[in-house]
Structure formats: C-alpha cells, structure tokens
Amino acid sequence: MKGEAEEHHFGPDGSVTLILYEHAAYLKDDIEGIRILFTGDNDMEKAVLEAAAMVEYHKNKADSMDSFHHGDSC
C-alpha cells in the first residue's frame, strides 16, 4: 500500500503490528503468522479492536503456560 501510514507495535517483543493508512489498516501477528487487511473507513475501528484482542490472546496464552507444571518437577 502507498501513502502515509502510522505503524504501531504491541504484544510480546512487538510481535503484533498495526499499520494504519488513511482508508485501510493492516494487522499482522508474527507469532501466529496471521495477516489481515481491513479496507474502508468502517473497518478502521475493527482493526484496532482486533489488535487489542491479539495482544490479550498472547498475554493469556503466556499466563496459562506459566501456570502449568509437570508432575515430576514439583
């Protein structure tokens, strides 16, 4: 895509990237390999909400992995 853009990085090690253009947004998650292109002014808010959901997903995933312990390591 061409034109001016704002790039924002979120999540662990900045792995979730949201690039905002004038009439579109590009969301990518380098951990899960997800790429989403949102087009149109109506989808701009949806892109921001989806980015927040991805960050929350990774946070919850990390928290759940931290609470798991094998029986022989306790």
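The values are calculated or read from the model by the stated rules, or taken from the named source; none is laboratory data. No experiment lies behind these values; they were computed from the predicted model shown. A quick note on method: Cβ atoms are made from the backbone with ideal geometry, for glycine too, and the neighbour counts reach across all protein chains shown.
Looking only at residues of the stretch 30-74 that are within 18 Å of H9 (Cβ to Cβ) and among the aromatic types (F, W, Y), we find that the one that is modelled with the highest pLDDT is F38.
Residue count for the stretch 29-57 satisfying the condition of being within 11 Å of the chain's Cα centre (by Cα) and crowded, with 18+ Cβ neighbours inside 10 Å: 5. The set of residues in the stretch 9-51 that are part of a helix (DSSP H, G or I), without any contact (Cβ under 8 Å) to a residue 12 or more places away in the chain and within 21 Å of K61 (Cα to Cα) comprises D13, G14, L49.
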